[in-house]
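First the structure, in the form of structure tokens, and then the observations on it.
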């Protein structure tokens, strides 16, 4: 049976202390670890629909921060790793900071420039280098809270915008991982063949609600092992397994806090 490991990143930054901004050296270390374990990297669409190896790795980045192009791209290119970027199309190409619940706390401070998105030209360079560019909706809303017409617009317009600028778009990442049966049906109806989330329970097999492992700045060696282990992911298919992963991550965080004191 294939082991398909899909990771969810956001930004990459040496100095931004946000949980969603992993350090460049941490990203490189994590990638080398997985390559050394025999994982073959590919895009998320291929990983879901045609995994090329017994151990397949798909690296994804939500929100299309400019740091993905400027910092993550050179690191991954040096290792021969393509990735998938999920773009909130209302923001792509603008020179001002993106803003929605969860990242708006960084507006007006020294780290606001970290919120600037990649340009369409930069996304095009990634696509030419073998990266997949997927949709992250238009405006990054909680999809389950939208009326049907607004839900359709977020899904269809963002897909069409990506196709118009880059020629293809078949994958989606649900903002905040937020989805339900209605959202999944609308996603399929909008023409997507792959869609990703970040669930508590790790159940693979449905291409329109594919589970990813979220990787954050606060990862410790313990939490990373707990998240990436194939055995841990099999255990995580149960409620007890999901609890144990969270407990390991929390224990790692407490240990790190003690070390820092």
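Rule-based calculations on the coordinates, nothing more; no lab input. In this text, all values refer to a predicted model and were calculated from it rather than measured experimentally. Ideal geometry is used to build each Cβ from the backbone, glycine not excepted, and the neighbour counts take in all protein chains shown.
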Note to self: How would the range 56-183 be classified by its alpha-carbon gyration tensor: rounded, prolate or oblate, with rounded meaning a/c under 1.5 and the a/b versus b/c comparison settling the rest?
What the structure shows: oblate
Margin query: Which residue fluctuates most in the GNM of the chain (Cα springs below 10 Å): 130, 93, 109?
Written below: 109
Note to self: Using the basic label-point model (7 angstrom from Cα toward the beta carbon), what is the residue 104 to residue 14 distance in nanometres?
What the structure shows: 3.2
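When a/c reaches 1.5 or more, the comparison of a/b and b/c decides; with that in mind, is the range 90-164 rounded, prolate or oblate per its Cα gyration tensor?
Details: a/c = 2.53, a/b = 1.05, b/c = 2.41.
The shape class here is oblate.
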Checklist line | Rounded to 5, the percent of DSSP beta bridges in the chain classed as antiparallel | finding: 5
